[in-house]
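The values are calculated or read from the model by the stated rules, or taken from the named source; none is laboratory data. Being a predicted model, the structure only gives us computed values, none of them experimental. Glycine also receives a Cβ, built like all others from the backbone with ideal geometry; neighbour counts cover every protein chain displayed. The area values use the complete protein model at the heavy-atom level, side chains included, leaving out ligands, DNA and RNA. Shrake-Rupley method; radii C 1.70, N 1.55, O 1.52, S 1.80 Å.
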Amino acid sequence: MLFREHNLAVKPVIGRFAPTPSGFLHLGNVFCSLLAWLYAKSSGGKIVLRIEDLDPQRCTRQNADQLARDLEWLGLTWDEGAYVSSNSERYFQSQRSDVYAHYFAQLQAQDLVYPCFCSRAELHAAEAPHLSDGRIIYAGTCRNLTETERRERSQKRAPAYRLKVEHKPISFCDGHYSEQSYNLMEESGDFIVRRSDGVFAYQLAVTIDDALMGITQVVRGCDLLSSTPMQLYIYRLLGFTPPSFCHIPLLVDATGRRLSKRDGDLEIATLRKVYGSPEPIIGLLAYLAGQIAKPEPLRVDNLLPIFTPENIPTKNIVVPNKLTKMNR
């Protein structure tokens, strides 16, 4: 299905790379970055690089620096953002806590957030997982606590903060998976927007950043499809205009396990040593994305004239077994 854009006559296409530097760039990250680049550039748009280093325990500047170098080596350059803009530091989420605090305060002023004192163990014991994916549907355990109960519990545990959701559907048309509809009350319940350690949660931070950075097109993995209604809900509450969303299949191994940083799968640092140049990697990804008939060395700009979004598979894509064994 062709990617739907909104108001393209007045809005330029602005896509983004948004890597998390909790490890090194792997082939699955590059697959998503390549398609985000092709979607934006084939429409005459531009790309922003944002470093999503919200979690200081997992993310390092060294990893972020290497991510940027690997993207440049692959030819996946960006037009503004981290490392290239004059206010480059503001494209690192770790430097944007004041921005998130401002909008968090707006939600508080509307009585839309509340402290939650439930531990992870308590949530798993009390709630049923959502369908087969293991997500927990929060039942609103702490939503209606009295002020006295909140004070008493806060003496024992620092709270996370949850956003109150509504019992109504949120619908949108995904650029690759067509019409989607979610009821947040039934699919997730009230969700966390600030963790108990004070770190602002992904759903809040990414929504604010995409809105303030003028992102009009989000291309990302289908594992984040269920995050979209949460973000659309925040867009509406804060009065932002949402971008178009396009979710793409994941790269997986022969067992169906998706490639990940945690498992050291196909890190670009390893592939650079194996191939020596980016063209074989780009050609392989173009083949997996249904853009060419067989793997052959290509530069990213070679793909622009032939980019056909309809040819991207909808099911997750199995990477050849010989490649998945090239772990670092």
Viscosity 1.002 mPa s, 20 °C: Kirkwood-radius Stokes-Einstein D of the chain over Cα pairs, µm²/s: 102 µm²/s
When the helix-only estimate is applied to the chain (DSSP H runs of n ≥ 4, each -39,500 (n - 2.57), divided by the residue count), what is the mean residue ellipticity at 222 nm, nearest 500 deg cm²/dmol? -9500 deg cm²/dmol
Hey, what do the phi angles of segment 143-156 turn into as Karplus ³J(HN,Hα) couplings, whole Hz, using 6.51/-1.76/1.60 and θ = phi - 60°, x for Gly and Pro? 4, 10, 5, 6, 4, 5, 5, 5, 4, 5, 6, 5, 6, 9
Local charge sum around ASP190 (other residues, Cβ-Cβ under 9 Å, Lys/Arg +1, Asp/Glu -1)? +3
For the chain, what is the accessible area per residue in Å², given a 1.4 Å probe and the full set of protein chains? 46 Å²
Which Cys residues of the chain have no other Cys Cβ less than 4.7 Å away and so no disulfide-compatible partner by this rule? CYS32, CYS59, CYS118, CYS173, CYS222, CYS246
Burial ranking of peptide ranges 51-60, 210-219 (average Cβ count within 10 Å, highest at the top): 210-219, 51-60
Packing-based ranking, highest mean first, of 139-150, 296-307, 227-238 given that Cβ atoms within 10 Å are counted: 227-238, 296-307, 139-150
If you roll a 1.4 angstrom probe over the protein chains with everything in place, what fraction of the accessible area of segment 186-294 belongs to carbon and sulfur, to the nearest %? 51 percent
Karplus-derived 3J(HN,Hα) from phi for segment 202-219 (6.51 cos²θ - 1.76 cosθ + 1.60, θ = phi - 60°), whole Hz, x at Gly and Pro, runs 3, 4, 6, 4, 5, 5, 4, 5, 4, 5, 6, 8, x, 5, 10, 9, 10, 10
How big is segment 195-328 on each of its three principal axes, counting only the C-alpha atoms and giving the largest first in Å? 47, 38, 26
Quick one: which of 200-208, 308-316 comes out on top by average Cβ neighbours within 10 Å, and what's the full order, highest first? 200-208, 308-316
Considering amide H positions built from the backbone, and no H for Pro or chain starts, which residues 5 or more places from LEU251, or on another chain, come under 5 Å of its amide H? LEU259, ILE317
What percent do you get for the relative contact order of the chain when only Cα pairs under 8 Å and 6+ apart count? 21 percent
Computed magnitude of the charge dipole of the chain (debye, nearest 20; Cβ of K, R +1, Cβ of D, E -1): 460 debye
Which of the pairs LYS11/LYS273; LYS41/LYS164; LYS41/LYS273; LYS46/LYS164; LYS46/LYS168 have their Cα atoms more than 31 Å apart in this structure? LYS11/LYS273; LYS41/LYS164; LYS46/LYS164; LYS46/LYS168
